[in-house]
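The structure appears below as structure tokens.
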Amino acid sequence: MEDQFEASQNKRRYDFWQWAMQAMRTYGPDVNISLPAHLNALLDVKDLHAKVNHYAPALTALSLASPFLRGELWRIRSRVGKSIRTYRRSVVAPAIELHPQEAGRLEYKTFEMTPRLGDFHAYFLLWLELLLDDGLRGRASDQSRIYDLGAVARDGLQVETISERAAEVLDRAPGVLTKLGFDPGPLEPFRRRLETGRLPADDLVDLFEREGSIPGVLRHLSALAPSKQTGVGKLAENVR
């Protein structure tokens, strides 16, 4: 199990080279949405980045699921951390990337990988909420996002103001999404995570402590049954 990767810079920018080497040893989904042209034209790119900087750490916290390093639980400052993936990538990797030359593709990058298909539906809905809700007033700098993601990677929802930010998004999402014809129901598991404070990483830690090995954890994850209906296909059709 490799935890280090190095390669020559070639012609890449230095910052992109550093990001690329991190990406080779972290794993997570990119959530891509293209808005209709009339909505895309209304986006204020600078403001969108500031909005994402404020709320992304809180939404990322709800998805944390990478508490392993070198075949063991990831420990930092004498405690088990929630996500080595988010901890490593937060400094060099962007939260979003915009691709105006590709039908306005808008790419969200901080969510963690999951074995639950329903989570992917929620990821799309949360990205739509960030994109389209003008009532979300929080704004932050890149530096604040980096700091908050590092803290979230260690302590999840226990980080100062993170639960409040997540609650703001989840509370507002049904009103925004329903008006656009989307069912906010798939966000309910994320609401339960917020209310209980229990994240996917906590389940993985418990599995590891019971099984004693990564293969034992993977046997359980491979047995998870996908939900019968995620609606992701319908979602993509509506957005495109």
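In table form, for the structure just shown:
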item	result
Some residue of the range 182-201 being within 20 Å of I33 (Cβ to Cβ), loosely packed, with under 14 Cβ neighbours inside 10 Å and either acidic (D, E) or touching a helix residue (DSSP H, G or I) at 6+ places or on another chain (Cβ under 7 Å) (or both)	no
Flag for L98 being in contact with a strand residue (DSSP E or B) (Cβ under 8 Å, 6 or more places away or on another chain) and under 23 Å from P36 (Cα atoms)	yes
Of all residues in the range 102-119 being in a loop (DSSP other than H, G, I, E, B) and hydroxyl-bearing (S, T, Y), the one that is modelled with the lowest pLDDT	T114
Count of the range 185-203 residues which are of a type in the set (D, E, K, R) and under 14 Å from A65 (Cα atoms)	4
1 or more residues of a type in the set (D, E) and modelled with pLDDT of 95 or more: qualifying helices (runs of 4 or more DSSP H) within the range 134-240	142-155, 162-179, 188-196, 200-211
Single unsatisfied condition, R77 versus (1) more than 15 Å from the chain's Cα centre (by Cα); (2) basic (K, R); (3) modelled with pLDDT of 95 or more	(3)
Index of the failed condition, L128 passing every other in (1) touching a Leu at 6+ places or on another chain (Cβ under 9 Å); (2) crowded, with 22+ Cβ neighbours inside 10 Å; (3) under 27 Å from S222 (Cβ atoms)	(3)
Given (1) surrounded by 13 or more Cβ atoms within 10 Å (Cβ to Cβ); (2) touching a Leu at 6+ places or on another chain (Cβ under 8 Å), index of the condition T114 fails	(2)
Every residue from the range 65-94 that is charged (D, E, K, R) and either assigned to a loop (DSSP other than H, G, I, E, B) or closer than 23 Å to D30 by Cα (or both)	R70, R77, K82, R85, R88, R89
Yes/no for L149 being closer than 30 Å to L218 by Cα, surrounded by fewer than 19 Cβ atoms within 10 Å (Cβ to Cβ) and in contact (Cβ under 8 Å) with a residue 12 or more places away in the chain	no
One residue from V31, V45, V52, V80 being more than 16 Å from L157 (Cβ to Cβ) and surrounded by fewer than 18 Cβ atoms within 10 Å (Cβ to Cβ)	V45
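The values are calculated or read from the model by the stated rules, or taken from the named source; none is laboratory data. Just so you know, these numbers come straight off a predicted model, no measurement behind them. Cβ atoms come from the backbone with ideal geometry, glycine included; neighbour counts cover every protein chain shown.
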